[in-house]
Amino acid sequence: MAHYHITFAYINLSTRSSPHNQVVDMAQSVPPGDIATQPGTKIVFNAPYDDKHTYHIKVTNSSARRIGWAFKTTNMKRLGVDPAAGVLDPKENALIAVSCDAFAYGQEDTNNDRVTIEWTNTPDREWFQGDGMVRRKNLPIEYNP
């Protein structure tokens with residue numbers, strides 16, 4: 001399985017003048033609304049860890065605006081996310097697979113393992129451009145022996 005590292009790139013559009021910049025400026029001036037994740041606070045994987053595990057997360061855009069989202073992980077060797085990024089319209093949801101590759105439980109540091117979802121308002125025409133606000137939600141990973 002491929003592992004993805006997503007980075008948001010921002011370009012300042014304030015020096016350009018075009019009709020759709022007004023749309024970008026308007027969307028970027030409003031903080032991103034809330035999202036809901038199921039599970040809401042953490043992801044739990046259960047032993048044995050000699051084979052790959054997959055856990056599904058439901059992400060719902062609870063806001064009234066379209067959002068772009070991306071997942072990051074603290075341990076790209078062990079944790080994978082598919083799909084790693086996407087767009088959700090208001091009240092829309094997506095099912096995300098978080099996978100944990102086989103590893104030697106108790107012999108590797110797992111204390112800081114987590115996945116983080118980042119999201120921002122996404123206008124219809126331009127993605128992740130401008131000085132828009134990005135929100136984050138951390139989901140720690142818990143490994144049961």
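The values are calculated or read from the model by the stated rules, or taken from the named source; none is laboratory data. If you're wondering where the values come from, they're calculated on a predicted model, not measured in any experiment. Ideal geometry is used to build each Cβ from the backbone, glycine not excepted, and the neighbour counts take in all protein chains shown. When the accessible area is computed, the model is the full protein with side chains, heavy atoms only, and any ligands, DNA or RNA have been set aside. Shrake-Rupley method; radii C 1.70, N 1.55, O 1.52, S 1.80 Å.
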Starting from one equal scatterer on each C-alpha and no solvent at all, send me the Debye-based log10 I(q)/I(0) for segment 45-145 at q = 0.11, 0.17, 0.19, 0.23 Å⁻¹, two decimals.
-0.39, -0.78, -0.91, -1.18
3J(HN,Hα) from dihedral phi, segment 50-56, Karplus parametrisation 6.51/-1.76/1.60, rounded to Hz, x for glycine, proline:
8, 9, 6, 10, 10, 10, 9
What distance in nm separates the simple spin-label points at residue 111 and residue 77, each placed 7 Å from Cα in the Cβ direction?
1.8 nm
Contour excess over end-to-end distance, with Cα ends at residue 51 and residue 30 and 0.36 nm allotted per residue
3.2 nm
How many nm separate the modelled label positions at residue 99 and residue 44, each set 7 Å beyond the Cα in the direction of the Cβ?
2.4 nm
Which order do 43, 35 take when ranked by solvent-accessible area (1.4 Å probe, heavy atoms of all protein chains), largest first?
35, 43
Accessible area (Å², per residue) of segment 58-110, counting only protein heavy atoms and a probe of 1.4 Å
46 Å²
